[in-house]
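Data block below; observations after.
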Amino acid sequence: MTYELKFDVERGDFETAGLASRKIKKTLQQLGINNKTIRQVSIAGYEGEMNLAIHSDGGYISLMVLDGELVLVIEDTGPGIPDIALAMQEGYSTAGDEVREMGFGAGMGLPNMRNNSDAFEINSEPGVGTRIEMHFNTKT
C-alpha cells in the first residue's frame, strides 16, 4: 500500500500551524497504524511544521505511507541552517522574542524530530533552504 499526504505551510501562520500534523495523525489512525508510531510521527510532524512557520519563508510537510514504513519530509525555502551540529543541540534556538512570547522557540524542534524517528537526515544550504527526511518503522 502506498499513500501520500502533502501540506503547504506558510511563514508566520500560527493560526493554522499544527493543522497538517493533526490531519496526518487522524489519517494514520484511520489506516490502523500502531499508537507508538502515530505518537512519534505526530511529535516529529508538529515540530517540523512549527519550524516551517517560525524559521522558513514557507515550505511543505509530506507523509508517504509505504509497506512497513512511513516517510515524513519537511522542506522549505529560506535562510537555511549555517551550523547543523549547533542547531541539533537541545535548547539552541534562533527564534526571536515575539515567537518565544507565544511559547515557541525553545530549541527542541530538531532534537525532538531526530529522537522520535527511526532514521533522520537533514540537509541545509544557507540562503536556499532545508530538507529533513525522517523514517518510521510501522512494524513495532
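The values are calculated or read from the model by the stated rules, or taken from the named source; none is laboratory data. Predicted model only: the values in this text are computed from it and were never measured. Quick reminder, even Gly has a Cβ in these numbers, built from the backbone with ideal geometry, and neighbours come from all protein chains shown.
Can you go through ILE84, ILE38 and tell me which one is in contact with a Ser or Thr (Cβ under 9 Å, 6 or more places away or on another chain) and either at negative phi or acidic (Asp, Glu) (or both)? It would help to see each step written out before you state the result.
Numbers: ILE38 fails: in contact with a Ser or Thr (Cβ under 9 Å, 6 or more places away or on another chain).
Just one listed residue meets the conditions, ILE84.
Can you name the residue in the range 56-94 that is β-branched (Val, Ile, Thr) and in contact (Cβ under 8 Å) with a residue 40 or more places away in the chain and, of all such residues, is nearest to GLU133 (Cα to Cα)?
Filtering the range 56-94 for residues β-branched (Val, Ile, Thr) gives 61, 65, 71, 73-74, 77, 81, 84, 94.
Among the residues that remain, those that are also in contact (Cβ under 8 Å) with a residue 40 or more places away in the chain are: 61, 65, 71, 73-74, 77, 81, 84.
Values: ILE61: 10, VAL65: 13, VAL71: 7, VAL73: 5, ILE74: 7, THR77: 15, ILE81: 15, ILE84: 14 Å.
If we take residues in the range 56-94 being β-branched (Val, Ile, Thr) and in contact (Cβ under 8 Å) with a residue 40 or more places away in the chain, then VAL73 is nearest to GLU133 (Cα to Cα).
With the checklist (1) surrounded by 17 or more Cβ atoms within 10 Å (Cβ to Cβ); (2) outside any helix (DSSP H, G or I) in hand, flag the one item ASN112 doesn't pass.
(2) is the only condition that ASN112 fails.
Please count how many residues of the range 39-80 are in contact with a strand residue (DSSP E or B) (Cβ under 6 Å, 6 or more places away or on another chain) and assigned to a loop (DSSP other than H, G, I, E, B).
Residues that pass the stated criteria total 4.
So which residues in the range 62-78 are buried (at least 17 other Cβ atoms within 10 Å of the Cβ) and more than 14 Å from the chain's Cα centre (by Cα), if there are any at all?
Selection gives VAL65, GLY78.
When the residues of the range 81-100 are filtered to those that are assigned to a helix (DSSP H, G or I) and within 17 Å of the chain's Cα centre (by Cα), which remaining residue is surrounded by the fewest Cβ atoms within 10 Å (Cβ to Cβ)? Walk me through it before giving the result.
Going through the range 81-100, the residues assigned to a helix (DSSP H, G or I) turn out to be 84-87, 97-100.
This time we only want the ones that are within 17 Å of the chain's Cα centre (by Cα), so: 84, 87.
Details: ILE84: 13, ALA87: 20.
In this case the residue turns out to be ILE84.
Please work out which one of (1) in contact with a helix residue (DSSP H, G or I) (Cβ under 7 Å, 6 or more places away or on another chain); (2) modelled with pLDDT of 95 or more is the condition SER62 fails and give its number.
(1)
Quick check on GLU47: is it more than 19 Å from THR2 (Cβ to Cβ), touching a residue at least 12 places away in the same chain (Cβ under 8 Å) and either surrounded by fewer than 14 Cβ atoms within 10 Å (Cβ to Cβ) or among the basic types (Lys, Arg) (or both)? Full working, then the answer.
Working: more than 19 Å from THR2 (Cβ to Cβ): yes; touching a residue at least 12 places away in the same chain (Cβ under 8 Å): yes; either surrounded by fewer than 14 Cβ atoms within 10 Å (Cβ to Cβ) or among the basic types (Lys, Arg) (or both): no.
In short, no.
Tell me which residues, restricted to the range 115-131, are buried (at least 19 other Cβ atoms within 10 Å of the Cβ) and assigned to a loop (DSSP other than H, G, I, E, B).
SER117
Restricting attention to the range 1-41, report how many residues are crowded, with 18+ Cβ neighbours inside 10 Å and small (Gly, Ala, Ser).
Total satisfying the criteria: 3.
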